[in-house]
Amino acid sequence: MPTQERSHPNVPGIDQSDRLVPVNLRQSGQTPVQLLISTRVRKSPFWHLSIEAGAWRASVYNRMYHPRGYVRPEDGGAMAEYRALVHGVTLWNVAVERQIRVKGKQAEDFVNYVITRDASRIKVMRGKYCILCNEKGGILNDPVVLRPARDEFWFSLSDSDLMLWLQGVNTPKRWDVEIDEIDVAPLQIQGPLSEDMMAELIGEDLRKIPYYGLMEAEIGGAPVLISQTGFSGEKGYEVYVYNAHETAEQVWYALRGVGARYGLRVIAPGHHRRIAAGILSWGQDMDHETSPFQVNLAFQVPKKKKADYIGKAALEKQREQIEAGSYPFSLKLVGMKMGGRPITDYAPDFWLIQNSEGTRCGYVTSPWWSPELETNIALGYVPWALSKVGTELNVELPETYAEQSGVPVRAVVSEVPFVASEHPSAREQGKGTGE
C-alpha cells in the first residue's frame, strides 16, 4: 500500500501528506474504559502519596503512571484546580519527567551535538528549555536541560524515551560520557504564593534563584535540587528529589506541612494554564514528525551556533525555504479563540477545524476555557495560508460544548500566549524586540 502523497484516510480534507503516520482524527469521544494498574508500567516514588491525596484518574507518561485529576467533577473538577494554581499555590507529582544524566569529561560536547541550542551557554547550576531533533528536523523531545556540575547534565524529559536515543547516539562510545537514568524524581510547586512558601521552607536564599537557576537544599532532611521553572506560566519551582525511592515521603510531607499555611492544594499538571501561556505538550502539540518551525519554536534553532548537531542540515534548509517565501509543511500550529460552551476538561479527540467556507482543513490539539478572557482558547494545526492572526475559522466541537447541535462554532487565529506568563519565553522576548 502506498504511504506517500495521501491525506488522512478518514478525514480526507485535512492534508497530512508530509507525515508517514497521520494523526488519528477519528472522533471517538469519551471511552468508558478503566486504566489497568499492573507491574508492567512503573509507579513513581510519589504514586501512593498522590492516591492518598485524592488522585482519581491517571494516564501513562514515559511508561509511568501519571496522576491527572484530584478534584472530582462534582466538586469543581479541573477548574477548581485551576483556581488554586492561579490564585494560591499547588503541588504536582511530575516524577514522570524522568531524569537522564549525561556525565563525563566530554559531556558538554555530547550534549551540544544532540540539542539544537548551544550547550556551552548553559552555565553550571543553570538550565535551559531545549529541543532534540532527528536527522529530518523532527522534534524528539523538549526537556529542560539542567547543568548541576561542569561535567554533568540532566535531561528532564517530556513524554518520549530519550535515554535509548542518547545511548544509541553514543554507540560505539564516541564521547567519553556515561548516560543513565538516575534516582531523582521531580515535584512542582506552582502558583503566585510559591515563592513565599518555599522561602519559609528553604530560607530566604531561595528568593535569589534566577529563572532557570538551580540551588542545592534539604527538605524534610532529604537532599534536593531546586530550580525556578515549571509547566504553568505562573511563578513556580521544581524540586528534584535525590534518592527519591527512599526519601519521597520526607519531602512530600514537609512540603504539604508548610504548604498548609498557604492553602497548598495537590493538583494535576496545569494544562489549562500552560495552554494560556502557549507552552507546548510533546505528543499532543508536536512529535517526532513535527519541525520546530511548525510550532513557533524557531528560536530553538539558533543561526549563530557553529557546532554541528543532529538535524542541523535539515533545519537550516527548512529555514532557507521559509525565508524565501516557501513554507515546506502542510500545516502550522496556531493559537485560536473560539466559541462554544466552556471547555473545562481534557479533550478526548483532536477536534476538526474548518475554513470559513466550511471545508475541513485542520485540527485542534489543546483546547480549554480561559476564565480571564471569558472564552475558549486552543492550539491547533491549520494550513499556512490560514495561519495569520485574525483569520476566521470554524471548529467542530462535540455536543457537550457545541452552541447549537451539529453546527461548528466560530474561531479566530489569535496571538500566543493568550495570557501573559510570569517569565516570558525566549520566543516572546524575541518577538517583543522584533526578532
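The values are calculated or read from the model by the stated rules, or taken from the named source; none is laboratory data. A quick note: this is a predicted structure, and the numbers were derived from the prediction, not measured. Virtual Cβ from ideal backbone geometry, glycine too; neighbours counted across all protein chains shown. These area figures cover heavy atoms from the full protein model, side chains too; ligands, DNA and RNA do not enter into them. Shrake-Rupley method; radii C 1.70, N 1.55, O 1.52, S 1.80 Å.
Please report the spacing between the Cα centers of segment 327-391 and segment 234-251 in Å, no decimals.
One Cα centre to the other: 36 Å.
With charges set only on the Cβ (+1 for Lys and Arg, -1 for Asp and Glu), what does the dipole of the chain come to about its Cα centre, in debye to the nearest 20?
It works out to roughly 620 debye.
Name the residue farthest towards the positive end of the dipole of segment 220-337 from the options V266, Q284, Q321, assuming +1 on Cβ of Lys and Arg, -1 on Cβ of Asp and Glu, about the Cα centre.
Q321
Of all accessible surface on the chain at a 1.4 Å probe, what whole percent is carbon and sulfur?
49 percent
With a probe of 1.4 Å, find how much accessible area the chain has per residue, and write the answer as a whole number in Å².
Value returned for the chain: 44 Å² of accessible area per residue.
Highest first, please rank the peptides 409-419, 228-238 by the mean number of other Cβ atoms sitting within 10 Å of their residues.
Sorting 409-419, 228-238 by mean packing, highest first, produces 228-238, 409-419.
Filter K136/K305; K306/K332; K123/K303; K312/K388; K337/K388 down to the pairs with a C-alpha to C-alpha distance above 23 Å, please.
Among K136/K305; K306/K332; K123/K303; K312/K388; K337/K388, the Cα-Cα distance tops 23 Å for K306/K332; K312/K388.
Over the Cα atoms of segment 370-426, what is the Rg over Rh ratio if Rh follows Kirkwood?
1.02
Could I get the Rg over Rh figure for segment 285-435? Both from C-alpha atoms, Rh via Kirkwood, rounded to two places.
Ratio of gyration radius to Kirkwood radius: 1.00.
State, in angstrom, two size descriptors of segment 13-62 derived from its alpha carbons: Rg to one decimal place and Dmax to the nearest whole number.
For segment 13-62, the Cα radius of gyration and maximum Cα-Cα distance read 16.8, 47 Å.
So what are the radius of gyration and Dmax for the Cα set of segment 222-346, in Å?
20.2, 58
Choose one of I343, G127, G233: the residue whose Cα lies farthest towards the positive end of the charge dipole of the chain (beta-carbon charges +1 Lys, Arg; -1 Asp, Glu; about the Cα centre).
G127
Return the calculated 222 nm mean residue ellipticity for the chain, to the nearest 500 deg cm²/dmol, obtained by summing -39500 (n - 2.57) across DSSP H runs with n ≥ 4 and dividing by the residue count.
-5500 deg cm²/dmol
Under Stokes-Einstein, with the Kirkwood radius over Cα pairs standing in for Rh, what whole-number D in µm²/s applies to segment 282-335 at 20 °C and 1.002 mPa s?
178 µm²/s
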